[in-house]
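I have placed the structure first, in the form of structure tokens, so that the comments after it can refer back to it.
Nothing in this text is a laboratory measurement; each read-out follows from the coordinates by a stated rule. Computed from a prediction, not measured in an experiment: that's the story for all the values here. Methodologically, a virtual Cβ is constructed for each residue, glycine included, from the backbone with ideal geometry; neighbour enumeration extends over all protein chains shown.
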Amino acid sequence: MTDKIIHTENLRKEIPGLRAGDKVLLSGTVYTARDAAHARIFSLLDSNEELPFDIKDAVIYYAGPTPSKPSGQIGSFGPTTSARMDKFSPRLLDLGLAAMIGKGNRDSFTSEAIKRNCAVYFCAGGGFGALISESIASIEEIAFKELGCESVKKLEVKNLPLVVGVDCLGNSIFNR
């Protein structure tokens, strides 16, 4: 099967046609957030404060890069285990989050929220952090700098190789 080439600006239109197991090359804007950043985002939500980025139609990548090399090249940028974000994901999906990127299975509450909100969960290859970093055209730290590698970063990606882990119908590659 040929990889589907998708830009984040068109993701909402593409999601209904994606199925668990489809290979995708994603380009566009993606934000990073792991456990600590999610906790901070929830604190902002609970206080009715502005988020560091617009959650509507956004894509969050569960990753924290290793430091850049002396050459300035981005360090390894592999995914972290998505299950750790399951306690946060349904609320963010209900607020309009379009997609998440990580590794591993999602719980039933997150899978139902993906289905309910016509969203998608992409899997990035665990252990392929160096390869994934080659798809990152630019990186900008935009929030929670004190969290170090777990700060929120805005990425511009080009042809980031992913697999649909959970589609908008609730189908999962982990339940085959």
Self-check item: Highest to lowest packing among 149-157, 15-23, scored as the average C-beta count within 10 Å
Solution: 149-157, 15-23
Quiz item: Which residues in segment 115-156 place their backbone N less than 17 Å from a point set 7 Å from the Cα of N175 along the Cα-to-Cβ direction?
Solution: 115-123
Quiz item: Exactly which trypsin sites (Lys or Arg not before Pro) in segment 112-151 are in a DSSP loop and have at most 10 other Cβ atoms within 10 Å?
Solution: none
Self-check item: Lysine pairs within segment 1-150, Cα separation less than 28 Å, 8 or more sequence positions apart or different chains
Solution: 25
Quiz item: What distance in nm separates the simple spin-label points at F53 and T29, each placed 7 Å from Cα in the Cβ direction?
Solution: 0.8
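What ranking do 41-48, 76-83, 97-104 get when scored by the average of other Cβ atoms within 10 Å per residue, highest first?
Those peptides, ordered most packed to least, come out 97-104, 76-83, 41-48.
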Quiz item: Which FRET efficiency value, to the nearest 0.05, do you get for K115 and E140 by plugging their Cβ-Cβ distance into 1/(1 + (r/R0)^6) with R0 = 30 Å?
Solution: 0.40
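Multiply the residue separation of R19 and S43 by 0.36 nm, subtract the distance between their alpha-carbon atoms, and state the gained length in nm to one decimal.
5.3 nm
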Exercise. Whole number please: convex hull volume per residue, Cα atoms of the chain, in Å³.
Key: 103
